[in-house]
Amino acid sequence: MAAPTLQAGRDTTVVPSEQLLVASAAGDQQAFALLVERIRPQALRVARGVVRDPSIAEEVAQEVLTEIWLKADRFDPERGTVTGWVATLTRRRAVDRVRSEQAGRDRDDRVARRSQVREVDVVADEVELRLEHWQVRRALTELSDRQREAIELAYFAGHTYRDVARVLGIPEGTAKSRLRDGLLRLREALDGLV
């Protein structure tokens, strides 16, 4: 059986859209061109009603027309009209586009908020770190010279208590005592500054 096509010389204004769609499904490009002329304004109107942005509505309408060309064989005239099918396809595609655009904006907003939070956190961390450094320097002035020297070697230069003893030329037990006593006084001094 031959695929339905438009007959030459036939008045195309009276050809039902359903027939144009059936002919398009069979590959009749002339029928599809006539169908597009007929349904494009409707697709554009429905898309504009959903997306509001004329350029995006134009894109949505074009995508729907392409989809109709590709899926023309899926149209079932018993389930509805061509105009109803076009409206449904357009509305779905437009809603998907709105959701996609909104999801993109939401992602951008989340990234921007994270960036702002990080900048604030970096500033807060820097302020807190400087305050802690100031407090430690201040508390170190409360120690004896010997305790401060042992703590600086152990905690700022990274030496073990054995290294501290060797560098200072003192017994290991004395190095441990200076470190322990110095840390206790340092803790007291820091508690007093808070």
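Here is how the numbers come out for the structure above:
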item	result
In the range 86-107, the residues that are free of Cβ contacts under 8 Å to residues at least 12 places away in the same chain and not aliphatic (A, V, I, L, M)	THR88, ARG92, ASP96, ARG99, SER100, GLN102, GLY104, ARG105, ASP106, ARG107
Failed criterion for ILE151 (all others in (1) of a type in the set (Val, Ile, Thr); (2) in contact (Cβ under 8 Å) with a residue 40 or more places away in the chain; (3) open to solvent by less than 40 Å² (accessible area, probe 1.4 Å) hold)	(2)
In the range 82-110, the residues that are modelled with pLDDT under 90, open to solvent by 60 Å² or more (accessible area, probe 1.4 Å) and either more than 31 Å from the chain's Cα centre (by Cα) or among the aliphatic types (A, V, I, L, M) (or both)	none
Cβ pairs under 7 Å, 6+ apart, first in the range 1-26 and within 14 Å of PHE75 (Cα to Cα) and of a type outside the set (Gly, Ala, Ser), second modelled with pLDDT of 55 or more and not in a loop (DSSP other than H, G, I, E, B)	GLU18/VAL82; LEU20/ALA31; LEU20/LEU34; LEU20/LEU35; LEU21/LEU35; LEU21/ALA72; LEU21/VAL82
Residue list for the range 121-148, restricted to those being surrounded by 16 or more Cβ atoms within 10 Å (Cβ to Cβ) and of a type in the set (S, T, N, Q)	GLN147
Qualifying residues in the range 1-43 (those that are open to solvent by 70 Å² or more (accessible area, probe 1.4 Å) and among the acidic types (Asp, Glu)) - the one modelled with the highest pLDDT	GLU37
Output for the range 167-193, where each listed residue is surrounded by 13 or more Cβ atoms within 10 Å (Cβ to Cβ) and part of a loop (DSSP other than H, G, I, E, B)	ILE170
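The values are calculated or read from the model by the stated rules, or taken from the named source; none is laboratory data. The shown structure was predicted, so the numbers you read here are calculated from the model rather than taken from an experiment. Note: ideal-geometry Cβ built from the backbone for every residue, glycine included; neighbour counts use all protein chains shown. Ligands, DNA and RNA are excluded from the accessible area calculation, which covers all protein heavy atoms including side chains. Shrake-Rupley method; radii C 1.70, N 1.55, O 1.52, S 1.80 Å.
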